[in-house]
Amino acid sequence: MKKQFETRAIRLQNQRTSEREHSVPIFPTSSFTFDNAEQMRAVFASEEEGNIYSRFTNPNCRELETKIASLEETEDAVALASGMSAVFSALMGHLQAGDHLLCARAVFGSTYQVLMNWLPRWGIETTFVDGGDSESWISAVRPTTKMFFLETPSNPGLDIIDLEKVGDFCKDQELLMVVDNCFATPYLQRPINFGAHLVTHSATKFMDGQGRVVGGLVAGTSEHLAPVQRFLRNTGPSLSPFNAWILSKSLETLAVRMDRHCANALTLAKWMGNLEMIKNVRYPFLESHPGSEIAKKQMSQGGGLLTFEMRGGLVAGKQFLDNLQLCSLSANLGDTRTIVTHPASTTHAKVSPEDRQKVGITDGLIRVSVGLEHVEDLKADLLQSLGGGEKY
Ligand SMILES: *Cc1c(COP(=O)(O)O)cnc(C)c1O
């Protein structure tokens with residue numbers, strides 16, 4: 001019988017030395033040796049399995065890759081130096097000059113920059129579509145369209161896109177479906193089961209979960225992963241063995257951490273709905289979220305992020321951020337520590353105000369990555385920063 005998610009995250013350990021260590025050892029080596037010329041030839045020719053050089057493979061990266069593949073319920077994965085190198089390698093592995101792709105408009109700021117400013121230099125064009133309006137996707141398809149890239153829940157707007165609908169659409173149109181699954185993690189959502197060919201991750205976020213390393217992953221079928229792997233091996237955004245070791249260790253606690261992130265976030269989201277100073281509290285599992293039904297269909301819990309707007313707009317928002325005593329002002333998310341960000345002046349400052357509006361990033365929007373502190377302490381800090389003001 002296939003073991004459960006939590007057990008696989010902990011017990012899937014395939015790298016050991018002859019010392020019979022219980023925890024996984026670290027392999028900080030740039031290259032590997034061979035017993036003889038014939039063995040070296042065979043490994044280079046891929047006739048025999050083996051490590052050659054840590055830009056290609058390393059035992060710690062391999063362990064992380066095998067684990068993520070298992071957790072995402074797919075065949076294989078590649079580890080990369082950051083979430084953006086994962087996104088970029090997934091794109092570059094599959095697209096070439098003359099190709100066109102569809103991208104759901106609400107995507108991570110740097111992903112948007114890559115699609116807007118870098119890919120056109122190499123003759124690859126993107127049409128941004130409304131992830132919630134499936135009728136509009138078809139009219140954006142061209143004979144050269146190869147891929148549909150999307151993120152759900154999106155950063156920072158928490159838009160929800162129906163993965164099953166995109167899966168059916170991509171199957172009909174013979175498009176490669178690539179999903180950035182960073183916000184949900186494989187514990188809450190597995191896009192492969194809805195037809196995604198590749199899943200990308202910023203492992204920097206909930207996977208590390210403790211704000212220590214930058215890393216990325218692409219998971220998928222071996223067939224769709226092969227060009228991504230070749231791109232990584234040739235161009236070199238490889239993950240370090242040490243960071244891979246940290247990430248693999250962190251995954252052992254992903255399930256318990258996500259349970260608490262989600263519980264704290266849901267509690268805060270419900271509580272914040274009753275505060276006078278704020279409006280439009282958004283959390284995927286709140287009934288007021290327009291995508292809550294779809295979210296509940298494809299995610300097991302609502303995730304660790306929520307957003308809201310300050311009634312006083314930008315000025316009130318800045319005052320709120322300055323008043324925080326416990327929560328951190330930081331650009332990261334998915335940490336044990338609760339992090340509060342103002343996207344319009346930071347992560348999405350380079351996106352034009354019109355484009356920000358289109359994806360709901362208003363000037364007063366605040367993103368909260370809810371951490372693992374006690375929820376009552378979080379309420380107290382948020383309340384004092386908002387200047388009191390409970391409705392009831
Ligand atoms: C952070 C993030 C990325 C980029 O990951 P890095 O590890 O910072 O390179 C990509 N997608 C989403 C949704 C993110 O939140």
* Asked: Which of (1) more than 16 Å from the ligand (Cβ to nearest atom); (2) farther than 18 Å from His224 by Cβ does Gln96 not meet, given it meets every other one?
  -> (2)
* To do: Scan region 176-195 residue by residue and report those that are open to solvent by 10 Å² or more (accessible area, probe 1.4 Å), more than 8 Å from the ligand (Cβ to nearest atom) and part of a loop (DSSP other than H, G, I, E, B).
  => Arg190, Gly195
* Would you check if Arg230 is of a type in the set (D, E, K, R), within 18 Å of the chain's Cα centre (by Cα) and either farther than 27 Å from Ile138 by Cβ or open to solvent by less than 10 Å² (accessible area, probe 1.4 Å) (or both)? => no
* Among the residues of region 144-155, is any among the acidic types (Asp, Glu) and open to solvent by 10 Å² or more (accessible area, probe 1.4 Å)? -> no
* To do: Would you point out the residue of region 27-50, among those that are within 20 Å of Ala244 (Cβ to Cβ) and modelled with pLDDT under 95, that is most open to solvent (accessible area, probe 1.4 Å)?
  => Glu49
* Asked: So which of Ser136, Ser89, Ser110 ends up being of a type in the set (S, T, N, Q), open to solvent by 30 Å² or more (accessible area, probe 1.4 Å), within 16 Å of the ligand (Cβ to nearest atom) and out of contact with any His (no Cβ under 8 Å at 6 or more places or on another chain)?
  -> Ser110
* Structure fact -> Over region 27-78, the set of residues free of Cβ contacts under 8 Å to residues at least 60 places away in the same chain and among the small types (Gly, Ala, Ser) is Ser30, Ser31, Ala37, Ala42, Ala45, Ser46, Gly50
* Would region 317-330 turn up any residue that is within 21 Å of the chain's Cα centre (by Cα) and loosely packed, with under 15 Cβ neighbours inside 10 Å? -> yes
* **Only one of Arg311, Arg356 that is modelled with pLDDT under 95, open to solvent by 20 Å² or more (accessible area, probe 1.4 Å) and more than 30 Å from Ser134 (Cα to Cα)** => Arg311
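The values are calculated or read from the model by the stated rules, or taken from the named source; none is laboratory data. Since the model is a prediction, treat every value here as computed from it, not as a measurement. Glycine gets a Cβ as well: all are built from the backbone with ideal geometry, and neighbour counts include every protein chain shown. With ligands, DNA and RNA removed, areas are computed over all heavy atoms of the protein, side chains included. Shrake-Rupley method; radii C 1.70, N 1.55, O 1.52, S 1.80 Å.
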